[in-house]
Amino acid sequence: MKKDLLVPIKPYDLTAILAREQTYLFSKHDLRNATRLWLYETYPVSSLRYLATVGPVKRPRQIPRSERSGSRNVDAFNSRSIAATYAYEIRRLDKLDEPVPYKEMVERKWAKGAPQPFAYPLPAMLEMLEKGRIGRRVVFDVRKEAEAKAAEAEMGKADVVTGKAEVLAAGTTKMEAAEKAVKAKTVEKAETTKKVGIVDTEKAETDGRATASAVDKDLPPTTQGKLKDAYP
């Protein structure tokens, strides 16, 4: 099975594809299960300019509803309102670094004439393009875009989990700090109470000595001795 075909495309259809307004290439012809379509833009451009990598062929009413919105002509294709009976999803689009005009294609023996409705690329064309003598760059790649979105969604979920963990950790840290503060306050209060108790005891002893000394002279000798024993 040959995977490459040279296919003509009208400028306004190509413009819609580049703007991502049309995600399918519609044709009246079965493109023989080709997966790479070398797009020859018709008059007035008349040049080979793009390479489209496409998915399996679809017939009317085979395009899922999820893919209909945002794609021009899909509803018309499904309802058979347009002449096309085959649709090919464009999964990747590459642009040639240098467009190849029709005249040059003939001179290089890439084609014997304009592709109508399609043609198999001649070996000389594929050999030069595949060897990179004319480079190309990716315009869009649906698969890679989907992978990037999926990765972004996973990162978003991870950020949410991390955020919750950080909030929980912050709450735990605050609680631990509060518990430490309460404990420190309790210890401080106990120490203060202990110090006050010691001061009160010392004050009482000092007051007792002073009282004993004041009354010592007026008491009998026996009582004076007892006071001296109590307040040496």
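The values are calculated or read from the model by the stated rules, or taken from the named source; none is laboratory data. Nothing here was measured: the structure is a model prediction, and the numbers come from that model. When we count neighbours, we look across all protein chains shown, and the Cβ atoms used for this are built from the backbone with ideal geometry, even at glycine.
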*Does Ala76 satisfy the criteria of being farther than 29 Å from Lys131 by Cα, surrounded by fewer than 18 Cβ atoms within 10 Å (Cβ to Cβ) and modelled with pLDDT under 95?*
yes
*Got a number for residues in segment 1-58 being assigned to a strand (DSSP E or B), of a type in the set (A, V, I, L, M) and closer than 25 Å to Ser79 by Cβ?*
7
*Could you tell me which of the residues Ser71, Ser81 is at negative phi and exposed (fewer than 12 other Cβ atoms within 10 Å of the Cβ)?*
Ser81
*Pick from Thr42, Thr23: which is in contact with a strand residue (DSSP E or B) (Cβ under 8 Å, 6 or more places away or on another chain) and under 24 Å from Pro60 (Cβ atoms)?*
Thr23
*Identify, please: which residue in segment 10-43 is basic (Lys, Arg) and either touching a residue at least 60 places away in the same chain (Cβ under 8 Å) or closer than 22 Å to Val106 by Cβ (or both) and is, among those, surrounded by the most Cβ atoms within 10 Å (Cβ to Cβ)?*
Arg36
